[in-house]
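The values are calculated or read from the model by the stated rules, or taken from the named source; none is laboratory data. These numbers were taken from a predicted model, which means no experiment stands behind them. All Cβ positions, glycine included, derive from the backbone under ideal geometry; neighbour counts span all protein chains shown. Note: accessible area is taken over every heavy atom of the protein model, side chains too, but ligands, DNA and RNA are not part of it. Shrake-Rupley method; radii C 1.70, N 1.55, O 1.52, S 1.80 Å.
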Amino acid sequence: MSEKVMQKRKWQTTIALSIIIAITYLSAAITNFNFIDGLAAFPAAIGWMFSHLLITQESLEKLPTILGKLNETIFMSIAATTTAAVVSIFLSLMGSKTTSVNGFLSTFARFIASVSRNIPVVAWALILLLSFGQNSITGYLALFVGTVGFLTRAFIESIDEASHSAVEALTATGATYFHIVNKAVLPQSLPQMISWILFMIETNIRSATLVGILTGTGIGYTFDMYYKSMNYNAVALVTFSIVIAVIIIELISNYIRKVIM
């Protein structure tokens, strides 16, 4: 690599870092955030956590209730992800350049994916809360809509990355559209699709906790209830249960990925 190229990259890096520092400083100035005060608050915050967020014998008595709400959240996340995956497969087939039937359907599918993906799940929960109220359906639909957008986009990319040779071979033999999709497209894309579905299950379990606070359901509502009543020992148990559940789900997902990929 020539000295001129290295010098150019050095200048680009310097400029980029300068811009980041300037934006950070400007943001802090606008919001009246003091970095020194923020860093100084860390020891007190950590000390508070170790003194209040302790799992006690009294809080362990609430474990059956907490696990019941946690199971509700996990199964709602799985249901929202799997049903959204079915819808996303059809939208991705319409949106992909490889399997698109016509330009209108392709544009429509990509538009649906873009809208539902770019609006956060929490925002969807707030929007749906006005129509459906505080119940499990609201939480399910919020996760469902957000997942449809993400999975549709991911599935479209998976289909587009698949080899076109099998598609062209079947097309040359006069195979129907559904036969091409079933025999050439889905078999190549399915492992990657399953991997994305597993990823969204993990993500939705985390998101469902926050959505539950808004919709009054699942483990999120339990966390919010204990937090507002200042029962920090129970809050610690809820938090610990969520962390353990997410780790277990992630380990299972990683194992399944190793098997199918």
Point to revise | Subset of the stretch 206-242 (residues that are in a helix (DSSP H, G or I), within 17 Å of Ser59 (Cα to Cα) and hydrophobic (A, V, I, L, M, F, W, C)) | key: Ile219, Phe223, Met225, Ala234, Val235, Ala236, Leu237, Val238, Phe240, Ile242
Check your understanding: Given the conditions (1) in contact (Cβ under 8 Å) with a residue 40 or more places away in the chain; (2) within 29 Å of the chain's Cα centre (by Cα), and given that Tyr177 satisfies all but one, which numbered condition is not satisfied?
Key -> (2)
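Is it the case, given these coordinates, that Ile159 is over 30 Å from Tyr221 (Cα atoms), under 22 Å from the mean Cα position of the chain (by Cα) and not aromatic (Phe, Trp, Tyr)?
yes
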**Study point:** Which numbered condition Thr138 misses (of (1) over 18 Å from the mean Cα position of the chain (by Cα); (2) open to solvent by less than 30 Å² (accessible area, probe 1.4 Å); (3) on the phi < 0 side of the Ramachandran plot)
**Key:** (1)
Exercise for review: Please verify whether the stretch 241-260 includes one or more residues that are buried (at least 21 other Cβ atoms within 10 Å of the Cβ), assigned by the TED database to the domain that holds Asn71 and over 23 Å from Val121 (Cα atoms).
Suggested key: no
